[in-house]
Amino acid sequence: MNSDAFDVWFRPKSFESERLYERLGALLLKRYVPTGGDLVMQRLRRHHLGRRWVTASIQSLRRYERRTRLNESIHLIGFIAFAVLAAKKFASESLTAFGLTVALILNLLLGLWPVVLQRYNRLRLYRAIKLHSHLPQR
């Protein structure tokens, strides 16, 4: 499959907006995510002042956009795999209804909610890339 086929999934849909994802908790997750959230980066920058995931260069913006695709894919695959596993365990009666409920809630929080953050970040990146492309080149 080529990357254009994946664009159908990863490109923002007409109903998507930064505001939608903010309402779904993207900013809360962005603050606390352990792999580069606001609090982690704040602590990191105390010792490494110039540390940034993204710089203002178009190459950096595009590289981070690709990273959001990878992160989203990992979380979606994990979400689906864990949901199938939980359903199988429930069907075989090795998982109670309460256990299934807990498993699905954790799966939503740890598997699907991070997708909200990746899609939110991608919307912001597309806006930055568009602005960057309209700036005169130095």
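The values are calculated or read from the model by the stated rules, or taken from the named source; none is laboratory data. None of these values were measured; they are calculated from a predicted model. Here the Cβ is made from the backbone with ideal geometry for all residues, glycine too, and neighbour counts use every protein chain on show. What goes into the accessible areas is simple: the full protein's heavy atoms, side chains included, and nothing from ligands, DNA or RNA. Shrake-Rupley method; radii C 1.70, N 1.55, O 1.52, S 1.80 Å.
Results, tabulated for the structure shown:
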quantity: Filtered residue count, the stretch 115-138, keeping only those that are open to solvent by less than 90 Å² (accessible area, probe 1.4 Å) and either without any contact (Cβ under 8 Å) to a residue 12 or more places away in the chain or touching a His at 6+ places or on another chain (Cβ under 8 Å) (or both); calculated: 2
quantity: Residue in the stretch 33-63 that is modelled with the highest pLDDT, counting only those that are among the hydrophobic types (A, V, I, L, M, F, W, C) and not in a loop (DSSP other than H, G, I, E, B); calculated: LEU61
quantity: Residue match in the stretch 94-101 (condition: modelled with pLDDT of 85 or more, within 24 Å of ASP7 (Cβ to Cβ), among the aliphatic types (A, V, I, L, M) and out of contact with any Pro (no Cβ under 8 Å at 6 or more places or on another chain)); calculated: no
quantity: Count - residues of the stretch 35-74 that are in contact (Cβ under 8 Å) with a residue 40 or more places away in the chain and open to solvent by 60 Å² or more (accessible area, probe 1.4 Å); calculated: 2
quantity: LEU112 vs. criteria closer than 19 Å to GLY36 by Cα, free of Cβ contacts under 8 Å to residues at least 60 places away in the same chain, in a helix (DSSP H, G or I) and out of contact with any Asp or Glu (no Cβ under 9 Å at 6 or more places or on another chain); calculated: yes
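Each row is one residue, and each column tells you yes or no for (1) among the polar types (S, T, N, Q); (2) within 24 Å of ARG31 (Cβ to Cβ); (3) under 24 Å from the mean Cα position of the chain (by Cα).
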site	(1), (2), (3)
LEU85	no, no, yes
ALA91	no, no, no
SER94	yes, no, no
ILE105	no, yes, yes
VAL115	no, yes, yes
ASN121	yes, yes, yes
ARG124	no, yes, yes
ARG127	no, yes, yes
LEU131	no, no, yes
